[in-house]
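Single-structure report; data block below.
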Amino acid sequence: MGKKKTAKKGKKPHKNKPTSKKYTKYKIEGDKAIRMAKACPRCGPGVFLLDSQGRLYCGKCHYTEFKSKKVVEDIAPSEETKEGKEKKE
Ligand SMILES: [Zn+2]
């Protein structure tokens with residue numbers, strides 16, 4: 001009876017799941033967490049859209065949104081100075 005050398009048995013080595021990268025979508029400023037990415041309108045807040053090639057894509061429901069120039073105009077630069085002055089200490 002020829003015995004074959006088997007280095008590997010049926011069991012696969014256990015691998016941990018990659019941790020959620022959701023925290024990368026947030027920016028901590030002071031005590032607040034600011035959302036950097038846009039949330040999916042279908043999945044709701046907490047599910048972010050992936051920014052890819054000028055498009056926003058939801059990995060959960062495959063929702064795709066095309067970026068328009070209007071969105072950029074909506075973000076007024078004056079908002080930054082308004083909220084940035086809120087400081088504790
Ligand atoms: Zn979605």
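The values are calculated or read from the model by the stated rules, or taken from the named source; none is laboratory data. From a predicted model like this one, the values you see are computed outputs, not experimental measurements. We place every Cβ from the backbone using ideal geometry, glycine too, and count neighbours over all the protein chains shown.
Quick notes on this one:
- Restricting the range 62-82 to residues that are modelled with pLDDT of 90 or more and surrounded by 10 or more Cβ atoms within 10 Å (Cβ to Cβ), the residue that is farthest from residue 42 (Cα to Cα) is 64.
- The set of residues from the range 39-61 being closer than 14 Å to residue 20 by Cα, among the small types (Gly, Ala, Ser) and surrounded by 12 or more Cβ atoms within 10 Å (Cβ to Cβ) comprises just one member, 59.
- When the range 22-62 is filtered for residues that are within 16 Å of the ligand (Cβ to nearest atom) and part of a loop (DSSP other than H, G, I, E, B), the ones remaining, listed by number, are 37, 38, 41, 42, 43, 59, 60, 61, 62.
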